[in-house]
Amino acid sequence: AQKVTQAQTEISVVEKEDVTLDCVYETRDTTYYLFWYKQPPSGELVFLIRRNSFDEQNEISGRYSWNFQKSTSSFNFTITASQVVDSAVYFCALSEGSTGTGNQFYFGTGTSLTVIP
Amino acid sequence: DAGVIQSPRHEVTEMGQEVTLRCKPISGHNSLFWYRQTMMRGLELLIYFNNNVPIDDSGMPEDRFSAKMPNASFSTLKIQPSEPRDSAVYFCASSFGATNEKLFFGSGTQLSVL
């Protein structure tokens, strides 16, 4: 079973529109961490945010915001007033627990966002 | 500060040849991860090390793949013999792993096996 599900494979929006990327995760651990990464066309993976399971406060960083809801096991990502530079593949990831031996990261399959000028 | 450094950036080889991918993690990081990215399968974890010890290699596709981390500043991923289906982008990432810190990714190696 997928630990992290990103149901939206591809999304296209027109510039300045808002867009929300969905992420649903599955874990039995009470301590876990959620991440979002951006992969622009150049190929590198860029860290966007890390959130632990005990902090359900939503977070806003400029045009980016994240909505963490444990009740629905979701960690959705919203881009407000999208720009062409936001075009990229976005990955949601889960890291479980803290075993002291390092932790495996589970990545979703990614959502490819295209912002049309 | 230098990030995660991978080499080569691109590798083109013929089926049957040995391929070695290299990674230098960020100094001070104690976890290192090898991922493979393809269109069909997305990002797959191949193996990860903590303090130079392999912790989970269940993602290594088969015996043709092997990974080593002889010291804290260097890791290799070897494919022998290579096959066309191994063509992918291979990413190395490092973190200060025990505290679920974020992964820092290298630029990746684009491997093409003809």
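The values are calculated or read from the model by the stated rules, or taken from the named source; none is laboratory data. Since the structure is predicted, the reported quantities are computational estimates derived from the model, not experimental observations. Because the Cβ atoms are built from the backbone with ideal geometry, glycine has one as well, and the counts that use them run over all protein chains shown.
Figures for the structure shown
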| quantity | calculated |
| --- | --- |
| Criterion violated by B:V53 - all others in (1) modelled with pLDDT of 95 or more; (2) over 26 Å from A:C92 (Cα atoms) satisfied | (1) |
| Single residue of B:F105, B:F91, B:F33 found to be at the interface with another protein chain (Cβ under 8 Å from one of its Cβ atoms), closer than 17 Å to A:L45 by Cα and in contact with a helix residue (DSSP H, G or I) (Cβ under 9 Å, 6 or more places away or on another chain) | B:F33 |
| Residue check for A:T72: among the β-branched types (V, I, T) and exposed (fewer than 13 other Cβ atoms within 10 Å of the Cβ) | yes |
| Any hit, the stretch A:72-85, residues being within 14 Å of chain B (Cβ to nearest Cβ), farther than 25 Å from B:W34 by Cα and not in a helix (DSSP H, G or I) | no |
| Selection from the stretch B:48-93 of residues that are of a type in the set (A, V, I, L, M) and touching a Phe, Trp or Tyr at 6+ places or on another chain (Cβ under 8 Å) | B:I55, B:A67, B:M69, B:L77, B:I79, B:A93 |
| The stretch B:36-46: number of residues that are more than 10 Å from every other protein chain (Cβ to nearest Cβ) and basic (K, R) | 1 |
| Subset of the stretch B:17-58 (residues that are surrounded by fewer than 18 Cβ atoms within 10 Å (Cβ to Cβ), of a type in the set (A, V, I, L, M) and under 15 Å from B:Q110 (Cβ atoms)) | B:M39 |
| Residue in the stretch A:77-92 that is surrounded by 22 or more Cβ atoms within 10 Å (Cβ to Cβ) and at pLDDT below 95 present | no |
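Residues checked against (1) within 13 Å of another protein chain (Cβ to nearest Cβ); (2) over 27 Å from A:Q6 (Cα atoms):
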site: B:M15; (1), (2): no, yes
site: B:E18; (1), (2): no, yes
site: B:I26; (1), (2): yes, yes
site: B:Y48; (1), (2): yes, no
site: B:N51; (1), (2): yes, yes
site: B:D57; (1), (2): yes, no
site: B:P61; (1), (2): no, no
site: B:A67; (1), (2): no, yes
site: B:P70; (1), (2): no, yes
